[in-house]
Amino acid sequence: MLSFIVVFGVTKALTNYFAGRLCDRFGRKRVLVCGGLVAAPVPWLRMWAPSWSWVLFANPLLGVSQGLTWSTTVIMKIDLAGPARRGLAMGLNEFAGYFAVAASALATGFIAAHRGLRPEPFYLGVGFVAIGLSLSALAVRETRHHLAAEAQQLPPQGMPTQREVFWRTTWRDKNLSSVSQAGLVNNLNDGMAWGLFPLFFNAAHMDLEQIGTLAAIYPATWGLAQLFTGAWSDRVGRKWLIACGMWVQALGIALVVLAAGFGGFACGAALLGLGTALVYPTLLAAIADVAHPAWRASAVGVYRLWRDLGYAIGALLAGVIADALGLSAALWSVAGITFASGVSVALRMTETLRPGEPLHASGSQPRELSGVL
C-alpha cells in the first residue's frame, strides 16, 4: 500500500533538488512547461494499468512532474511577491494546490463509489493535465528578471557552489536547517496519512464514500487555512507558527488514533490540516527570508529535496511499524516524531522575519523592498 508513496516521494524530492538550478539556468517558464509535459502520460497509465508495477512505473513520472511544476511555481511567486508579502504569496500558492487536492480527493471518491475505481476517476486527471499545460504554455510569463530589482537593493554576494548551498541549507545555517528538518517531518506525517489513514478508517468500518470525505477534510482544511496563515506569518513572524504548527499536527494524529467514529476522525483530520497550514507556507517564506536572491532558487530546491524525502521516509517508517506492531503504533510513532520536530524548531531556530529588514544568510540587513507584482 505504501510502496507507491515511496517511489513518488523519492522521485519528486530528487527532481526538486535540480529544479532550482534548472530555473536559474534556463528560466522558470521553460521548467514549468516541461513539468506539464512529463505529467501527460500519468492518468492514462493509471487507468490502463494491468498490474501494480504499472502504477509504480507511473509514479516516477508524476514525481518528476510535481518536482518541476510545483518547485517552479513556488520560485516564481517568491520572485514576484517581494519580502513584505512572501508569506501571503506562499499561502496563496499552497492554498491553490492543496485545495485542488482536496476537491480532487472528494470528486474521485464520489466517482469511484458510484462508477468504480477505473477508468472514470482518472478522466479528471486527463483534464487537469490539459488545463495546467495550456495555462503554463500560453498564460504564464517569465519572472526571473524580477530578481534583478531585488538584488540591486542588497550588498553584492558571490554565487556559492551547489555543494555550499546544499550544506548550508541542510545543516550549517541553523535557520535553514531547522526549516529543512521541519519540512521533512511535515511530509513524513503526510506520507503516513496518505498510506495509513485509509487503512485505519477502513478497519473502523468506514465505507468508501466516508473514506473519500475524510481524505478530503485534511487537505481542504490545510488549503483554506493557508489563505490566512501565510499572510499571518508576514505580521507575527515565522518561528512560532512553525513550532506550534508541528505540535497541532501531532495532536491531530493523536486524536485520530483515539477517536471511535467518523466525527472524531474528521476532527483529527481537520487539526492535522490546520497544523500543516501553519507550517507549510511559513517554511517557504522563511527560506526566502534567509537565502540571498543569487542562490535562493537553489536553496528552495535543497529544502524541497529534504521536505519531499519525508514522503518516502514516512511511508517506509509507517509501513514497517504497522506491519510489526499495528496501525495504532505506527500513528503514535509519527505523532511523537512530529511533536519532537516542533521542539527542535523552538530550541534551535531564530526568527527570520525582521520588520522592514528581512534577514539574509550573508548576515546583511537590507532595507525593506517593495513587492513587484
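Summary of computed values
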quantity	calculated
Inter-site label distance for A137 and V343 at 7 Å from Cα along Cβ, in nm	5.3
Label point distance in nm, H145-T170, each placed 7 Å from Cα along Cα→Cβ	3.7
Over the chain, relative contact order from alpha-carbon pairs under 8 Å, at least 6 apart, %	29
DSSP H segments from the chain that extend 30 Å or more along their own axis, Cα-based, with Kyte-Doolittle mean of -1.0 or above	3-26, 52-81, 86-115, 174-203, 208-236, 262-290, 296-325, 327-348
Radius of gyration, Dmax [the stretch 291-359; alpha carbons; angstrom]	16.9, 52
Gain upon complete extension [L80, S53; 0.36 nm per residue less C-alpha separation]	5.6 nm
Approximate shape of the stretch 160-235 as ellipsoid semi-axes (Cα gyration tensor, √5λ), whole Å, largest first	34, 18, 8
Distance histogram for the stretch 3-348 (every C-alpha pair counted, 20 angstrom bins, percent rounded to whole numbers)	31, 60, 9, 0
Cα→Cβ-extended label distance, 7 Å offset, between A113 and A100, nm	2.5
Under DSSP loop assignment and at most 15 Cβ neighbours within 10 Å, longest trypsin sites (Lys or Arg not before Pro)-free interval of the chain	142-366
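Since every read-out is calculated from the coordinates, none of them should be taken as a lab result. Not measured: the values here are computed from a predicted model. FYI the Cβ positions are ideal-geometry reconstructions off the backbone, even for glycines, and counts take in every protein chain you see.
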